[in-house]
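Scroll down for the structure; my scribbles are underneath it.
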Amino acid sequence: QVQLVESGGGLVQAGGSLRLSCAASGRTFSSYAMGWFRQAPGKEREFVAAISWSGGSTYYADSVKGRFTISRDNAKNTVYLQMNSLNSEDTAVYYCGLHLAGRATIRNDEYDYWGRGTQVTVSS
């Protein structure tokens, strides 16, 4: 079993920054790809960013490219999402997911475990 716990969400003004963290336990974290998704009220969960097991490959949604950075620290079993230049369209609950393979994926249905999410609210 895998447990994923997100943290770092909160209220921030437009143009500001936040760094989300997702701590994993229960399996060999360093073997698996990780991803961040988000879900705004009334919308489906959407892909934000993904990273391979080694951190050598990363993928981003077009809407966050150049503003968000995904990274991981396998020694700490943690994946991060640095979010800069936030705007109101980034307001959502952010979820981290673990994919039981080393290759990163942008597909929601390929993630095997999810955290409970952390709320990010951007005020304009």
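The values are calculated or read from the model by the stated rules, or taken from the named source; none is laboratory data. All values derive from a computational prediction rather than experimental measurement. Heads up, the Cβs are rebuilt from the backbone with ideal geometry, glycines too, and the neighbour counts pull from every protein chain shown. Areas reflect the complete protein model, heavy atoms only, side chains present, ligands, DNA and RNA absent. Shrake-Rupley method; radii C 1.70, N 1.55, O 1.52, S 1.80 Å.
Could you tell me which residue of the range 57-68 is farthest from THR118 (Cα to Cα), considering only residues that are open to solvent by less than 70 Å² (accessible area, probe 1.4 Å) and of a type outside the set (Lys, Arg)?
SER57
I'd like to verify a number: residues in the range 45-61 that are aliphatic (A, V, I, L, M) and in contact with a Lys or Arg (Cβ under 8 Å, 6 or more places away or on another chain), how many?
Result for the range 45-61: 2.
Mind checking which pairs have a first residue in the range 62-81 that is over 17 Å from SER52 (Cβ atoms) and a second that is of a type in the set (S, T, N, Q) and open to solvent by 20 Å² or more (accessible area, probe 1.4 Å), Cβ under 8 Å, 6 or more apart or different chains?
Close Cβ pairs (under 8 Å, with a partner that is of a type in the set (S, T, N, Q) and open to solvent by 20 Å² or more (accessible area, probe 1.4 Å)) amount to ARG67/ASN84; ARG67/SER85.
Taking only the range 83-102 into account, find how many residues are more than 23 Å from LYS43 (Cα to Cα) and out of contact with any Asp or Glu (no Cβ under 6 Å at 6 or more places or on another chain).
2
Looking at the range 69-96 only, could you name the residues that are of a type in the set (D, E, K, R) and either open to solvent by 60 Å² or more (accessible area, probe 1.4 Å) or farther than 18 Å from GLY115 by Cα (or both)?
Those that are of a type in the set (D, E, K, R) and either open to solvent by 60 Å² or more (accessible area, probe 1.4 Å) or farther than 18 Å from GLY115 by Cα (or both): LYS76, GLU89, ASP90.
With respect to the numbered conditions (1) closer than 22 Å to VAL122 by Cα; (2) free of Cβ contacts under 8 Å to residues at least 60 places away in the same chain, which one is the sole condition not fulfilled by THR58?
(1)
Are any residues in the range 37-53 surrounded by fewer than 13 Cβ atoms within 10 Å (Cβ to Cβ) and either under 20 Å from ASN77 (Cα atoms) or charged (D, E, K, R) (or both), and if so, which ones?
Answer for the range 37-53, where residues must be surrounded by fewer than 13 Cβ atoms within 10 Å (Cβ to Cβ) and either under 20 Å from ASN77 (Cα atoms) or charged (D, E, K, R) (or both): LYS43, GLU44.
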